[in-house]
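Report on the structure given below.
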């Protein structure tokens, strides 16, 4: 071989040996990373990096009342984690449906459910969230897009209380995001799922002093938890687009469903400015 070519080949080999192990190790450490490096502006936008499609779920399914599935249109990145979300007491999925495409566009399959009855209590809503995840991973038309080992739940009001019930009943879940949660059970010491609770400072239906804060305080620190309180927000803040809720919910799901530490920056030390009236977490 020409001496110059031999030298260049040796240099190239040395570079590969220096760089490749790090890249390979990183990929092996986190095979679930999806999407570009996150920024605040990207998380605050109405849509993330993935184009989203949707499909309806019949009310004739077993275990819950049907709903809508939102999913990344592309399959180039393989499978995605999934999230089931429940509306609150007397509400339908349409009341919080902005969350579906918003979360899905960051690389998740989302099923927004209708409940069996508008009057279903939190324990029932928790069961329905789990039934929806089972349907999503076993029977739905998009089941091949879902990684059944990486699932999460969320919900508003009694749906938020239901997400706590689901987390208690299925500790293999990767994350829970209760929004203005309502539940007559105030102790969640048996919650082993990383849980982000978002409450409204001016909520008079599920006041944070008797709902969100006791829920947060009783979840073991070892489970990973955070509490965001929105200044001046009422019980109904999830029923319109709320930028900080969207940012933190996506960051929490990316961190714990996708194991993506690039999102730590949005959780620890947490949001600043005038919008949060309180923020607590298990950040070191």
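The table that follows gives values for the structure above.
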{"quantity": "Tally of residues being buried (at least 24 other Cβ atoms within 10 Å of the Cβ) and either outside any loop (DSSP other than H, G, I, E, B) or in contact with a strand residue (DSSP E or B) (Cβ under 8 Å, 6 or more places away or on another chain) (or both) across the stretch 103-125", "calculated": "12"}
{"quantity": "Any chance residue 215 is in contact (Cβ under 8 Å) with a residue 40 or more places away in the chain, within 18 Å of residue 175 (Cβ to Cβ) and in contact with a strand residue (DSSP E or B) (Cβ under 7 Å, 6 or more places away or on another chain)", "calculated": "yes"}
{"quantity": "Qualifying residue in the stretch 203-218 (condition: within 23 Å of residue 84 (Cβ to Cβ) and under 16 Å from the mean Cα position of the chain (by Cα))", "calculated": "no"}
{"quantity": "Wholly within the stretch 184-284, strands (runs of 3 or more DSSP E) carrying at least 1 residues that are crowded, with 22+ Cβ neighbours inside 10 Å", "calculated": "195-200, 225-230"}
{"quantity": "Answer residue from the stretch 88-102, given it is free of Cβ contacts under 8 Å to residues at least 40 places away in the same chain and part of a loop (DSSP other than H, G, I, E, B) and is surrounded by the fewest Cβ atoms within 10 Å (Cβ to Cβ) among those", "calculated": "90"}
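One line per residue, one yes/no per condition, for (1) under 12 Å from the mean Cα position of the chain (by Cα); (2) over 23 Å from residue 94 (Cβ atoms); (3) at pLDDT 95 or above:
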{"site": "231", "(1), (2), (3)": "no, yes, yes"}
{"site": "237", "(1), (2), (3)": "no, no, yes"}
{"site": "241", "(1), (2), (3)": "no, no, yes"}
{"site": "247", "(1), (2), (3)": "yes, no, yes"}
{"site": "259", "(1), (2), (3)": "yes, yes, yes"}
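The values are calculated or read from the model by the stated rules, or taken from the named source; none is laboratory data. If you're wondering where the values come from, they're calculated on a predicted model, not measured in any experiment. All Cβ positions, glycine included, derive from the backbone under ideal geometry; neighbour counts span all protein chains shown.
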